[in-house]
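Engineer: Sending over a structure as C-alpha cells; questions will come in a sec.
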Amino acid sequence: MNIVEWAFGKRMTPAERLRKHQRALEKTQRELDRERVKLENQEKKLVQDIKKSAKNGQMGACKIQAKDLVRTRRYIQKFYSMRTQLQAISLRIQTVRSNEQMMQSMKGATSLLGSMNRQMNLPALQRIAMEFEKENDIMDQRQEMMDDAIDDVTGLEDEEEGEEVVKEVLDEIGVDLGQAMGETPSGLQKTAVADGRVAEAIGGGGGGPGGGGGGTDDDDLQARLDSLRR
C-alpha cells in the first residue's frame, strides 16, 4: 500500500463503486419501508381515534385528528414514490453492472480466442490429419486380414466338428460313414446324404409293425439331426 492509498484509502474499481452505491440504495429502501410501516400503523390508530372522538361528540379533536390523518396518508404516498424511484435507480445500476461484467467476459474470451488462433498451426494440423487417415486405413486393412484368417480357422473347425458329430450319430444307428458318403466329394453333400438315409431309415422303422418299441431312439436321433441342421 502506497502513501496515497494509506491517506485517502484504496482506490476502488468502477465495479466496486457500483456495488457500494447499490448497497447504499438497498439500505435506504429498507429504511423507507420501516418508516412507511410506522406511518401505516399510525394511520390505523388515527382512524380509531377519530371514530372514538366523533362518538363522544368531541368535534374539535375530531377535526384535528382528521388533518393529522390526511397528512399521514400524504407522507405514506411520498414514501411509496421515493421507494419506487430508488428501486428504479438500483435497477439501472444493476444493468450497468451486468453490462460491465458482459464486457469483461467478452474481452477475456476475445483475448483467449486470439491467443488460440495465433498458436494454431494449420500446416501441422493438415499433416496430422493426413497421417491419422493413413494409419487408420492401415489398421482397417490389418483388422480385415485378421478377421478373414479367424473366419477360415473357425469355419474349418466347425466343419470338422460337424462331421464328427454326424459320424457318431451314424455309428449309433449302425450306418457305415463310408457307405453313406458314397462318391460325393463335398463335406456338405456327405452330411446331406447321411441325413437323407437316416431320415429314410427312421420313416421305415416308424411305419412297420415293430416300430413302436424303437420310437424313443428314433425321436432322439431326429432331435440330434435337427440340431445339426440348425
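Engineer: Have a look at Ser115, Ser111 and point out the one that is without any contact (Cβ under 8 Å) to a residue 40 or more places away in the chain and either touching a strand residue (DSSP E or B) at 6+ places or on another chain (Cβ under 6 Å) or closer than 30 Å to Leu18 by Cα (or both).
Structural biologist: Unique residue meeting the criteria: Ser111.
Engineer: Out of curiosity, is Asp33 of a type in the set (Asp, Glu) and free of Cβ contacts under 8 Å to residues at least 40 places away in the same chain?
Structural biologist: For Asp33, the condition - of a type in the set (Asp, Glu) and free of Cβ contacts under 8 Å to residues at least 40 places away in the same chain - is not met.
Engineer: Which count do you get for residues in region 42-90 that are of a type in the set (S, T, N, Q), touching a residue at least 24 places away in the same chain (Cβ under 8 Å) and farther than 24 Å from Arg23 by Cβ?
Structural biologist: Selection size over region 42-90: 2.
Engineer: Looking at Glu43, Glu35, which is the one that is among the charged types (D, E, K, R), part of a helix (DSSP H, G or I), in the same structural domain as Leu91 (by TED's automatic domain parsing) and farther than 23 Å from Leu91 by Cβ?
Structural biologist: When all the criteria are applied, what remains is Glu43.
Engineer: Here's another thing I want to ask about it. What's the number of the only condition in (1) surrounded by 10 or more Cβ atoms within 10 Å (Cβ to Cβ); (2) farther than 30 Å from Glu26 by Cβ that Arg71 fails to meet?
Structural biologist: (2)
Engineer: Continuing with this model, one more query. I need a count of the residues in region 18-46 that are at pLDDT below 90 and among the hydrophobic types (A, V, I, L, M, F, W, C).
Structural biologist: 4
The values are calculated or read from the model by the stated rules, or taken from the named source; none is laboratory data. Values in this document were obtained by computation on a predicted structure and should not be read as measured data. A quick note on method: Cβ atoms are made from the backbone with ideal geometry, for glycine too, and the neighbour counts reach across all protein chains shown.
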